C-alpha cells in the first residue's frame, strides 16, 4: 500500500518539531491539535514552502526531500494542491478565470479531472461568471478547492479551510468535503483544531501536542485509545459508522450490522452512510435490560477494558456492542458506579444512550 512518509525536525527557540510518521496515501489524514503545535509547519514542509533540516518526505515513489542526500524538490515541481485558510483568489478574474489559471498549468495529456466534473462536484457550475468579491466565504473556499484540484495534484493539502467561516457556513460546507472524500481518489492531508471536522472527515487521525505526535492511526481506533481523551477539549468520544435505514415517529433509524440505533430525526435519505459521534459521558451501563425507560438505545455489550479518566475518580469503560460482533464504544462512569456494578473485562452488560445524544 502506498504511503506518505515524513520525517520533519525543527528547533525554533523553545519550540521543537519532531515528527516521524507514515500516513496512508489514500483518504483524508487529519492533523489535529491546539494552535502552535506544528500542524501548519508540517503542511508547509510537505509543499516545499519550508526546507527543514535533517528531514525527509516521500509520497509513494516520489521522494521530495532527503537531506541525507541533499535532495530537495522545489514547490513548483511537486504535484501538490494547497488550500489555505483564506481562499486567496485573483480579484481581477471571474471564477472561471481563477479555475482556468490552475487548469492551464497542466498538459492536456496529464489532466486527471474534467473541468465540468470538478465544478459540479463543488457546486460552483452556476458561479463561473461571478467575481470573488460577490461570493460568500464558503463559496470562495469551494472555488479555491476546485482550482487546486484542477492542477491534477497527487496530494491535496488543506490548512484549516473552514476557520474563517461561521458555524452555519461550516455545516453548509462540510458536505462538499465529504463528497470529495467519497468521489475522488486523491489523498488529502487536512489540518484542523475543530473536533466536528475531525469526526466528519478523518480516515486517519494524527493527534499532536507541542510539536510531537501523541497518537496516530485510523479514526475509530485512535479515539478509543484513552490517551486521546485529554487532547479533545470537549471530552472522550467514539465514532460509529452506520447507514440510514428508515424514519418514523420523529426518529431516524440507523444500522451497523446487528447494531440498530435511533436518533433525533435527520433529513437524510434511506441508504445514506452516516458517521455518528457519541460522547463517553452520554453512555450509561446497566447489568440488566431496562424495560420501562425513556432511553431508546439499549444495546447488549461486553466490557473490553476499564481505564482511569482525566478525573481521578472517573473511569473510561471500553465496550464491544453485541458482544464480539459490533463496533466499540466508550462509556465514562464514576469510580463508584464501576465498583457498585462490579464491572470487569468480559462481563456482559447493557449499554444505554439517548437518541438526542447521538451527533
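The values are calculated or read from the model by the stated rules, or taken from the named source; none is laboratory data. The model shown is predicted, which means the values in this text are computed figures rather than measured ones. As a convention, Cβ positions derive from the backbone with ideal geometry for all residues, glycine included, and neighbour counts pool all protein chains shown.
Couple of notes before you dig in:
- Taken as a whole, the condition of being more than 26 Å from residue 16 (Cα to Cα) and either surrounded by fewer than 19 Cβ atoms within 10 Å (Cβ to Cβ) or assigned by TED's automatic domain parsing to the domain that holds residue 284 (or both) does not apply to residue 194.
- Residue match in segment 38-51 (condition: in a loop (DSSP other than H, G, I, E, B), surrounded by 21 or more Cβ atoms within 10 Å (Cβ to Cβ), assigned by TED's automatic domain parsing to the domain that holds residue 222 and touching a strand residue (DSSP E or B) at 6+ places or on another chain (Cβ under 9 Å)): yes
- Some residue of segment 56-71 being assigned to a loop (DSSP other than H, G, I, E, B) and buried (at least 18 other Cβ atoms within 10 Å of the Cβ): no
- Selected residue [touching a residue at least 12 places away in the same chain (Cβ under 8 Å), within 28 Å of the chain's Cα centre (by Cα) and more than 23 Å from residue 41 (Cα to Cα)] from 142, 131: 142
- Scan of segment 83-102 for residues that are outside any loop (DSSP other than H, G, I, E, B) and crowded, with 22+ Cβ neighbours inside 10 Å, ordered by number: 83, 95, 98, 99
- All positions within segment 166-188 that are part of a helix (DSSP H, G or I) and in contact with a helix residue (DSSP H, G or I) (Cβ under 8 Å, 6 or more places away or on another chain): 169, 170, 172, 173, 174, 176, 177, 178, 179, 180, 181, 183
One line per residue, one yes/no per condition, for (1) surrounded by 13 or more Cβ atoms within 10 Å (Cβ to Cβ); (2) assigned by TED's automatic domain parsing to the domain that holds residue 221; (3) touching a strand residue (DSSP E or B) at 6+ places or on another chain (Cβ under 7 Å); (4) in contact (Cβ under 8 Å) with a residue 60 or more places away in the chain:
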residue: 248; (1), (2), (3), (4): no, no, no, no
residue: 253; (1), (2), (3), (4): yes, no, yes, no
residue: 256; (1), (2), (3), (4): yes, no, yes, yes
residue: 268; (1), (2), (3), (4): yes, no, yes, no
residue: 278; (1), (2), (3), (4): yes, no, yes, yes
residue: 289; (1), (2), (3), (4): no, no, yes, yes
residue: 293; (1), (2), (3), (4): no, no, no, no
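- Being part of a loop (DSSP other than H, G, I, E, B), more than 26 Å from the chain's Cα centre (by Cα), surrounded by fewer than 19 Cβ atoms within 10 Å (Cβ to Cβ) and in contact (Cβ under 8 Å) with a residue 24 or more places away in the chain holds for only one residue in 312, 344, and it is 344.
- Considering segment 315-341, the residues that are in a helix (DSSP H, G or I) and in contact with a strand residue (DSSP E or B) (Cβ under 8 Å, 6 or more places away or on another chain) include one that is surrounded by the most Cβ atoms within 10 Å (Cβ to Cβ), namely 338.
- Residues in segment 220-246 that are within 15 Å of the chain's Cα centre (by Cα), surrounded by fewer than 17 Cβ atoms within 10 Å (Cβ to Cβ) and not in a helix (DSSP H, G or I) were compared, and the one that is modelled with the lowest pLDDT is 232.
- Residue within segment 70-79 that is touching a residue at least 24 places away in the same chain (Cβ under 8 Å) and under 23 Å from residue 178 (Cα atoms) present: yes
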